[in-house]
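Participant: Next up is a structure, given as structure tokens.
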Amino acid sequence: MYVKVLFFGMLKDVTGLSRDSLELADNARLTDAFAHYCARFPSLQSLAGSIACARNHEFTTPDTALQEGDEIAFMPPVSGGSERHHCALTRDPIDARDLARRLQRDADGAVVTFEGVVRNQSGGRTTLYLEYEGYEELALKTMENIALEIAAARGIGRIGMVHRLGRLEIGEASVVIVVTAPHRAAAFAAALDAINRLKQKVPIWKKEFFADGEIWVEGAWGADVPAAARL
């Protein structure tokens, strides 16, 4: 059988591939696909502890059985609706005020907005610009699940999460989180929870460009994301 394989972030540099078509035995599992690429690219094995896997736009475990035509993805650590909430990915500037207006209700006494903005330096080096890429289908689905979980747990009104993709200049917002709620304490807590979960779980990666080079920004998956170490 044949499956489609996707690589994201720094894994594209390690393998030299963004996508590939792989022939496997009919009873193959995801672990067999990963082993194939580790044999081709030995440095991939050293990253296994931080690589997450997905099958057909769902996070999955290494022992997952594969079928003809499956799409599987190997993803390094991330560096993003329902009727009530709004989750989106865009390559255009994010209008935070418009998002807040769309979400706010008459019963809301608090609107908390967080904007993650591109800064001009990182680690003592001058940043020229950033580029973001994402596994878009899985990123949106994960953002929507995060919004639903936080709303249910914290009793807030609505959550908006919008993340930029593509090239971003200094001063532009890469991500905007908006939370509306009757009271401020729940709104602040939900906004912080949302950006923390997004950074740990949503498959979006950041690459920084400097005058003297470029680098993928490393992060860490959340504890509940299956890692490829067990492969």
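Participant: For Ala35, are the conditions met, namely being of a type outside the set (Phe, Trp, Tyr) and within 17 Å of the chain's Cα centre (by Cα)?
Facilitator: Here the answer is no, as Ala35 does not meet what is asked.
Participant: Across region 156-182, what is the total count of residues that are farther than 29 Å from Glu58 by Cβ, crowded, with 19+ Cβ neighbours inside 10 Å and out of contact with any helix residue (DSSP H, G or I) (no Cβ under 8 Å at 6 or more places or on another chain)?
Facilitator: Here the count works out to 0.
Participant: Also: Looking at the structure I just gave you, is Glu133 farther than 19 Å from Asp13 by Cα and either in contact with a Pro (Cβ under 8 Å, 6 or more places away or on another chain) or not β-branched (Val, Ile, Thr) (or both)?
Facilitator: No: the conditions fail for Glu133.
Participant: When you look at Ala185, is it assigned to a loop (DSSP other than H, G, I, E, B), surrounded by fewer than 15 Cβ atoms within 10 Å (Cβ to Cβ), at negative phi and not β-branched (Val, Ile, Thr), yes or no?
Facilitator: no
Participant: Just give me the residues in region 3-37 being part of a helix (DSSP H, G or I), surrounded by 17 or more Cβ atoms within 10 Å (Cβ to Cβ) and not charged (D, E, K, R), in sequence order.
Facilitator: Across region 3-37, the qualifying residues are Met10, Leu11, Val14, Thr15, Leu30, Thr31, Ala33, Phe34, Tyr37.
Participant: Somewhere in region 141-155, is a residue buried (at least 22 other Cβ atoms within 10 Å of the Cβ) and in a strand (DSSP E or B)?
Facilitator: no
Let's see how each residue does on (1) modelled with pLDDT of 95 or more; (2) surrounded by 13 or more Cβ atoms within 10 Å (Cβ to Cβ):
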position	(1), (2)
Phe41	no, yes
Ser79	no, yes
Arg84	no, yes
Asp98	no, no
Ala107	no, no
Leu128	yes, yes
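The values are calculated or read from the model by the stated rules, or taken from the named source; none is laboratory data. Given the structure is predicted, the values throughout are model-derived calculations rather than measurements. Glycine also receives a Cβ, built like all others from the backbone with ideal geometry; neighbour counts cover every protein chain displayed.
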